[in-house]
Amino acid sequence: MTKCVNIVKLSVGTDDVAGLAAWQDTRHAQTDDGYPRHITRMWPKREAEILNGGSIYWVIKGVIQCRQPIIRLDEVIGEDGIRRCAIVSKPGLIRVAATPRRAFQGWRYLPADDAPEDLTAGQQAEEALPPELSKALADIGVR
C-alpha cells in the first residue's frame, strides 16, 4: 500500500498567507485550467506518495502557516528546453498550526506524521496573526 507524503516549500517574497493567496490568483501562477501551481526544477522521486493525498505546506517568514492538497504534477518545458515539475494544487489555502521551519533551498519531503495540524473551522475564520508574532509563539511552543 502506498503511504502519503507531503512537500514543504518556502514561499519566497511572501509576507503572509494573504500575500500567497494574492500571488496564486495571478494568471502567471496558474495552470491553463486555472489551478494554482508552483514550478520547481526537480521532479519528486516519491510521486506516488505525494499523489496519495499529499499537500504542499508553505513556509512564510520562517513558519509553516498553511497548506494546499496536491492534485497532480505537470511536466513543464522551459524556454531553455529543461524539463521542470509544476506542483498543481487545489485552490484555497488551509491554515495550519504555526510550526517554525529554518530556511532551506528548494523543497523537502514532509512525512504525514510530522505535518502540522489544520486549524479548526473557527480558527480558519479568524484573522491570522502577524507572521513575526506567529513565529515567536511557535518558537516557545504556543500555537
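Some notes on this structure:
- R0 of 35 Å, Cβ-Cβ distance I39-I140: FRET efficiency to nearest 0.05: 0.45
- Over the range 38-104, the hull volume per residue, using the convex hull of the C-alpha atoms, is 111 Å³.
- For a label point 7 Å along the Cα-to-beta-carbon line of R108, residues of the range 45-86 with backbone N under 19 Å: 45-47, 50, 54-68
- Under-5 Å amide H pairs with L93, H placed in peptide plane, nonlocal only: none
- Within-14-Å neighbourhood charge of I70 [Cβ basis; K, R +1; D, E -1]: +3
- Among residues other than W58 with Cβ under 9 Å from its Cβ, the summed charge is +2 (Lys and Arg +1, Asp and Glu -1).
- All C-alpha to C-alpha distances of the chain, sorted into 10 Å bins beginning at zero, yield P(r) values of 12, 42, 35, 10, 1 percent in whole numbers.
- The chain - percent of accessible surface contributed by carbon and sulfur, probe 1.4 Å: 51
- Ranked by solvent-accessible area (1.4 Å probe, protein heavy atoms only, all chains present), the residues H38, H28 order from largest to smallest as H28, H38.
- Accessible solvent surface per residue of the chain, calculated while the other protein chains remain in place, 1.4 angstrom probe, Å²: 59
The values are calculated or read from the model by the stated rules, or taken from the named source; none is laboratory data. All of these numbers come straight from a predicted model, not from anything done at the bench. As a convention, Cβ positions derive from the backbone with ideal geometry for all residues, glycine included, and neighbour counts pool all protein chains shown. Side chains included, ligands, DNA and RNA excluded: accessible areas come from the protein's heavy atoms. Shrake-Rupley method; radii C 1.70, N 1.55, O 1.52, S 1.80 Å.
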